[in-house]
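Notes for the one structure printed next.
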Amino acid sequence: GGVFTYDPGFTSTASCDSTITYIDGNKGELLHRGYPIDQLAGQSHYLEVCYMLLYGALPTAAQLEEFETTITRHTMIHEQMHNFFRGFRRDAHPMAIMVGVVGAMAAFYHDSTDISDPRQREIASHRLIAKMPTIAAMAYKYSIGQPFVYPRNDLDYAANFLHMCFSVPAEQYEVNPIVSRAMDRIFTLHADHEQNASTSTVRLASSSGANPFACIAAGIACLWGPAHGGANQACLEMLKEIGSVDRIPEFIERAKDKNDPFRLMGFGHRVYKNTDPRAKVLKESADEVLELLGVEDNPLLQVAKELERIALEDPYFIEKKLFPNVDFYSGIIFEALGFPTSMFTPIFALSRTVGWVSQWKEMIADPQNKIGRPRQLYLGETNRDYVDVENR
Ligand code: CMC
């Protein structure tokens, strides 16, 4: 009984109040704690943005130094966890490994599963932000049959991630500052995005009082889907399938055909109906990185650019307000840096961890916090009597 508002897909329901991220979908505006995303991507860096998302304002120099030291000192994972990785098949998708390993952290860091203690909540936040790149890099190394590479404390967050992915014991990967800056910018652009599907999943999971590692594992599982974070992998695979500029019209027609389930991956957004401000920054970054690496004439980039041009002029995409989102250009950069497509969504997951953790922290501290328990519109059978199997 009772009267419920029916809102499938939550297109018009606010599930919480929050002071972390503001989006104006019509203006294409994204603010974290009030700071515009293009300023953060251009002038700040990822760990500073992490601090600001977690604690509400930009840090002083001393606060930033302390935070960076804390995160750097938490990058190692328990040595026993290596066995957990080794239990997977080598061809396991790194996202499957991440869901498992992050959930398993609850068994390795018992102290930070006590969510009633604010200090333990803070340590859990630091552990998650610090260890996620290590876990993602280990999932990658395992998949290609190379030994795990330990983190290096003399490198910054993005450079250390590149090191853990691309160094081998016989040879240290030489981190180019422009490349690590581009990586850091990608992390920053993915840091938070208010109540998207994975963040809502983290909040719903934690509304029951579940431990933070279980909640973040739930968020990673949700992010994996192709309509959400999995779109970056799906987008690059689509660009490869299109293959050359002359085949674009065929795929545009398929995307418009209602009898064909095909969609242009990396296009469209639930909230942005004008432009995705993150895609704008990434587009410039993609040009810069490809030029640096001397691969501007990469055929995938040519296809991406031409696809964008044709789609933006097509009445179908104009009418439905569909344009490239963050996943459209990130994949091209990852490809240029040498990541396989299976690593695209893990990089999104490690970048978004700070957003999940900040939203979790905000929620736990909120006195209005109660278990999430949606209702439904029941459309099934009404009350009927049980019939014995021989009489059916
Ligand atoms: N290609 C072709 N048509 C599309 C696309 C697309 N990418 N996206 C939406 N449409 C059409 C859709 O068919 C529908 O048409 P109609 O009104 O005639 O039925 C209309 O546009 C509205 O689409 P919707 O699915 O009702 O919109 P939504 O807000 O539920 O979905 C979306 C948003 C992002 C899931 C969707 O645009 C999509 O599937 N895009 C492709 C996947 C993608 O790039 N996802 C990444 C999202 S951004 C960041 C992230 O979370 O990773």
What about VAL295, is it among the β-branched types (Val, Ile, Thr), more than 12 Å from the ligand (Cβ to nearest atom) and either buried (at least 21 other Cβ atoms within 10 Å of the Cβ) or part of a loop (DSSP other than H, G, I, E, B) (or both)? yes
Quick check on my filter: what residues within segment 298-323 are assigned to a helix (DSSP H, G or I), in contact (Cβ under 8 Å) with a residue 12 or more places away in the chain and not hydroxyl-bearing (Ser, Thr, Tyr)? PRO299, LEU300, LEU301, GLN302, VAL303, ALA304, GLU306, LEU307, GLU308, ILE310, ALA311, PHE317
Residue list for segment 7-34, filter: more than 16 Å from the ligand (Cβ to nearest atom) and among the aromatic types (Phe, Trp, Tyr): TYR22
Would you say ASN160 is modelled with pLDDT under 95 and over 30 Å from LYS370 (Cβ atoms)? no
Taking segment 25-84 and keeping residues among the aromatic types (Phe, Trp, Tyr) and in contact (Cβ under 8 Å) with a residue 60 or more places away in the chain leaves TYR46
Which residues, taken from segment 165-178, are assigned to a helix (DSSP H, G or I) and either within 16 Å of the ligand (Cβ to nearest atom) or within 23 Å of LYS131 (Cβ to Cβ) (or both)? CYS165, PHE166
Single residue of segment 273-292 satisfying the filter (of a type in the set (D, E, K, R) and not in a loop (DSSP other than H, G, I, E, B)) that is surrounded by the most Cβ atoms within 10 Å (Cβ to Cβ): ARG278
Consider segment 97-121. How many of its residues are assigned to a helix (DSSP H, G or I) and either crowded, with 19+ Cβ neighbours inside 10 Å or touching a residue at least 24 places away in the same chain (Cβ under 8 Å) (or both)? 15
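Rundown of residues vs (1) surrounded by 22 or more Cβ atoms within 10 Å (Cβ to Cβ); (2) in a helix (DSSP H, G or I); (3) not hydroxyl-bearing (Ser, Thr, Tyr), yes/no style:
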site: ARG181; (1), (2), (3): no, yes, yes
site: ASP184; (1), (2), (3): yes, yes, yes
site: GLN195; (1), (2), (3): no, no, yes
site: SER208; (1), (2), (3): no, no, no
site: ALA214; (1), (2), (3): no, yes, yes
site: ALA217; (1), (2), (3): yes, yes, yes
Just the residues that are surrounded by fewer than 19 Cβ atoms within 10 Å (Cβ to Cβ) and within 20 Å of ARG352 (Cα to Cα), please, taken from segment 1-22. SER15, CYS16, ASP17, SER18, THR19, TYR22
Tell me the residue from LEU236, LEU162, LEU189 that is buried (at least 20 other Cβ atoms within 10 Å of the Cβ), within 16 Å of the ligand (Cβ to nearest atom) and either over 26 Å from LEU31 (Cβ atoms) or charged (D, E, K, R) (or both), please. LEU236
Which listed residue is within 12 Å of the ligand (Cβ to nearest atom), closer than 21 Å to ASN26 by Cβ and either out of contact with any Asp or Glu (no Cβ under 6 Å at 6 or more places or on another chain) or part of a helix (DSSP H, G or I) (or both), from ARG263, ARG270: ARG270
Looking at segment 377-388, can you tell me whether even one residue there is charged (D, E, K, R), surrounded by fewer than 18 Cβ atoms within 10 Å (Cβ to Cβ), assigned to a loop (DSSP other than H, G, I, E, B) and at pLDDT below 95? no
Restricted to segment 314-330 and to residues being near the ligand (Cβ under 10 Å from one of its atoms) and hydroxyl-bearing (Ser, Thr, Tyr), the residue nearest to ALA234 (Cα to Cα) is SER330
Look through ALA279, ALA255, ALA311 and report the one residue that is within 12 Å of the ligand (Cβ to nearest atom), hydrophobic (A, V, I, L, M, F, W, C) and closer than 24 Å to PHE10 by Cβ. ALA279
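The values are calculated or read from the model by the stated rules, or taken from the named source; none is laboratory data. None of the values given here were measured: they were computed from a predicted structure. Every residue, glycine among them, receives a Cβ derived from its backbone with ideal geometry; neighbour counts consider all protein chains shown.
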